[in-house]
Amino acid sequence: MAMVGGGSYYHNVYENWSEVLSDINPYAFAFVGTGLAIGLSVLGAAWGIFITGSSLLGAAVRAPRITSKNLISVIFCEAVAIYGVIVAIILQSKIEHNEPAIIMAKPEAVRNVSMNAGYSMFWAGVCCGIGNLACGVCVGICGSGCALADAQNGALFVKILVIEIFASALGIFAIIVAIIMSTTASFKVE
């Protein structure tokens, strides 16, 4: 970080992005990652429910029999939000503080370990959130197609439901990758 200015007044100027990122508290990265995991997952679930629900209600006007069995599409969308809650709980449980004596004795080790944990948790949250956002939209579109196809021909319900299950697997993949990314994240220095 360079010092610029004249006289008795100096202010800091960053020379590159690594300096900017290194000055951000690692706990902030961890909390933002946790928030993104749950926030984007809930947004994906809401978006999917919106897409599925509107098509389901519209198709139910023509064929009222489809309303109860096509609610499974809404449940699949809601599962996406639950995936985000699970990852957020896992990430939140990893946020710990070091004892003041350890911070004073090993400041560089605490900083390096904290930065590694903060970045790991941030990107795990981003991965889970964006993956579940896409999953929610995908499940919503498949659910919409399922409701419309079921209104036309009842024999198509199970066939399209299998495709919807595969679309829901995208969210499970996002959870697995987020858990793997956050496995080594620990703020504790021994």
Complete set of residues in the stretch 104-135 that are more than 30 Å from GLY48 (Cα to Cα) and in contact with a Lys or Arg (Cβ under 9 Å, 6 or more places away or on another chain): VAL113, ALA117
Tabulated pairs, the stretch 146-166, first farther than 18 Å from CYS135 by Cα, second surrounded by 13 or more Cβ atoms within 10 Å (Cβ to Cβ) and among the basic types (Lys, Arg), C-beta under 7 angstrom, 6+ apart or interchain: PHE157/LYS69
Single residue of ILE66, ILE38 found to be touching a helix residue (DSSP H, G or I) at 6+ places or on another chain (Cβ under 9 Å), of a type in the set (Val, Ile, Thr) and modelled with pLDDT under 95: ILE66
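The values are calculated or read from the model by the stated rules, or taken from the named source; none is laboratory data. All figures in this text were calculated on a predicted structure; none of them were measured in a lab. In this analysis, Cβ positions are derived from the backbone assuming ideal geometry, glycine residues included, and neighbour counts consider all displayed protein chains.
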